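Peer 1: I am attaching a structure below and will ask some questions about it afterwards.
The values are calculated or read from the model by the stated rules, or taken from the named source; none is laboratory data. Everything numeric here is computed off the predicted structure, so don't read it as measured data. Because the Cβ atoms are built from the backbone with ideal geometry, glycine has one as well, and the counts that use them run over all protein chains shown. Ligands, DNA and RNA are excluded from the accessible area calculation, which covers all protein heavy atoms including side chains. Shrake-Rupley method; radii C 1.70, N 1.55, O 1.52, S 1.80 Å.
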Amino acid sequence: MVTVRALRTKAGTEPITMLTAYDAPTARIVDEAGIDIILVGDSVGNTSLGHESTLPVTVDEMQSRTAAVVRATEDALVVADMPFLSFGVDEASSIENCGRMLKEANADAVKLESGPHTVELTKRLVQLGIPVMAHLGLTPQHVKEVGYSRQGTNRDSAREILELAKAHADAGAFSLVLEHVPSNVAKQVTDAIDIPTIGIGAGSDCDGQVLVIDDVIGMSQRTPPFAAQFGDVKSEMEKAVGAYRDAVESGEFPADEHSHVEDELDELY
Ligand code: KIV
């Protein structure tokens with residue numbers, strides 16, 4: 001089983017692998033493939049719930065999705081993403097919402113889209129026994145402020161990311177996602193902190209990589225420029241659904257082997 005402690009050991013020796021999953025069948029495939037971390041991302045809002053952004057995703061939805069993923073996972077570390085405004089508003093509700101992911105959904109850790117406002121909260125959660133994955137660079141919950149643009153692209157903003165990374169590592173976060181930042185900035189952050197960095201659109205010098213499963217398997221409506229597709233599940237689904245429709249319309253389905261007859265029920269009246 002992958003543990004928070006094992007991840008620290010792996011960092012720097014072998015790349016850490018992380019993928020999102022939002023349901024049990026997908027989690028089972030990801031886990032059986034030997035992926036180290038399954039992130040139940042709030043990207044579920046875009047990928048599965050039909051929203052334009054992650055902002056409408058609720059704590060109940062994340063709890064339910066995380067519980068489903070945990071039920072299907074044997075080895076990977078399961079991290080529940082905390083949705084917009086479920087943390088950082090006040091300490092009590094932040095702790096309660098993060099705690100639900102461990103108490104009710106049995107997650108191993110939570111991820112917080114991080115900033116200056118999450119340093120103290122990270123410290124508090126870790127003190128209470130809730131492992132925290134930090135997330136800097138592009139944080140999609142700030143879409144209304146910054147869109148989905150690259151972050152850390154000038155000296156001041158790159159330094160701010162570096163300083164926040166150090167602050168979250170000092171606060172006890174066990175790893176850090178770096179999203180859509182220049183690779184040379186990600187490298188300096190990785191070198192400066194002693195917790196693993198996991199990049200998405202952050203180059204190859206991070207300790208690990210993460211992508212959204214829908215992008216990887218070819219199920220996304222829109223993919224970010226840094227994502228890569230490794231399969232075409234959408235085409236396979238289209239073929240299967242089209243074949244089913246044709247078989248029903250032509251009368252080929254259901255065939256005899258899909259039906260059964262009870263002889264004594266031939267004449268009901
Ligand atoms: O919600 C998500 O899927 C994420 C990853 C892109 C890191 O936060």
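Peer 1: Please give the number of the condition Glu14 fails out of (1) touching a residue at least 60 places away in the same chain (Cβ under 8 Å); (2) assigned to a loop (DSSP other than H, G, I, E, B); (3) away from the ligand (no atom under 16 Å from the Cβ); (4) not hydrophobic (A, V, I, L, M, F, W, C).
Peer 2: Here Glu14 meets the rest and fails (1).
Peer 1: In segment 229-236, is there at least one residue being in contact with a Phe, Trp or Tyr (Cβ under 6 Å, 6 or more places away or on another chain), surrounded by 12 or more Cβ atoms within 10 Å (Cβ to Cβ) and at pLDDT 95 or above?
Peer 2: No: segment 229-236 contains no residue that is in contact with a Phe, Trp or Tyr (Cβ under 6 Å, 6 or more places away or on another chain), surrounded by 12 or more Cβ atoms within 10 Å (Cβ to Cβ) and at pLDDT 95 or above.
Peer 1: Considering only residues that are away from the ligand (no atom under 14 Å from the Cβ) and part of a helix (DSSP H, G or I), look in segment 28-38 and name the one that is nearest to Ile213 (Cα to Cα).
Peer 2: The extreme case among them is Ile29.
Peer 1: Something else now. Report yes if some residue within segment 195-205 is within 16 Å of the ligand (Cβ to nearest atom), part of a strand (DSSP E or B) and out of contact with any Asp or Glu (no Cβ under 7 Å at 6 or more places or on another chain); otherwise report no.
Peer 2: Looking for residues that are within 16 Å of the ligand (Cβ to nearest atom), part of a strand (DSSP E or B) and out of contact with any Asp or Glu (no Cβ under 7 Å at 6 or more places or on another chain), one finds at least one in segment 195-205, hence yes.
Peer 1: Ala243: more than 30 Å from Ser53 (Cα to Cα) and either of a type outside the set (Asp, Glu) or surrounded by 15 or more Cβ atoms within 10 Å (Cβ to Cβ) (or both), yes or no?
Peer 2: Criteria met by Ala243.
Peer 1: If you don't mind, there's one more thing I want to ask. Which of the residues belonging to segment 52-96 are in a loop (DSSP other than H, G, I, E, B) and either open to solvent by 70 Å² or more (accessible area, probe 1.4 Å) or in contact with a Cys (Cβ under 7 Å, 6 or more places away or on another chain) (or both)?
Peer 2: Residues satisfying the conditions are Glu52, Glu74, Asp75, Met82, Phe84, Leu85, Phe87, Val89, Asp90.
Peer 1: Of all residues being open to solvent by 10 Å² or more (accessible area, probe 1.4 Å) and aliphatic (A, V, I, L, M) in segment 182-194, which is farthest from the ligand (Cβ to nearest atom)? Just the residue, please.
Peer 2: Only one residue tops the list, namely Ala192.
Peer 1: Kindly list the number of the only condition in (1) outside any helix (DSSP H, G or I); (2) touching a residue at least 60 places away in the same chain (Cβ under 8 Å) that fails for Val143.
Peer 2: (1)
Peer 1: Inside segment 206-224, can you point out the residues that are in a loop (DSSP other than H, G, I, E, B), more than 19 Å from Lys10 (Cα to Cα) and open to solvent by less than 20 Å² (accessible area, probe 1.4 Å)?
Peer 2: Gly218
Peer 1: Just to be sure I understand, how many residues within segment 5-19 are surrounded by fewer than 19 Cβ atoms within 10 Å (Cβ to Cβ) and among the small types (Gly, Ala, Ser)?
Peer 2: 2
Peer 1: Is it the case that some residue within segment 39-47 is open to solvent by less than 40 Å² (accessible area, probe 1.4 Å), more than 12 Å from the ligand (Cβ to nearest atom) and closer than 19 Å to Pro131 by Cα?
Peer 2: Taking every residue of segment 39-47 in turn, none turns out to be open to solvent by less than 40 Å² (accessible area, probe 1.4 Å), more than 12 Å from the ligand (Cβ to nearest atom) and closer than 19 Å to Pro131 by Cα.
Peer 1: Just one of the numbered conditions (1) more than 29 Å from Glu52 (Cα to Cα); (2) surrounded by 12 or more Cβ atoms within 10 Å (Cβ to Cβ) is not true of Asp156; which one?
Peer 2: Every listed condition holds for Asp156 apart from (2).
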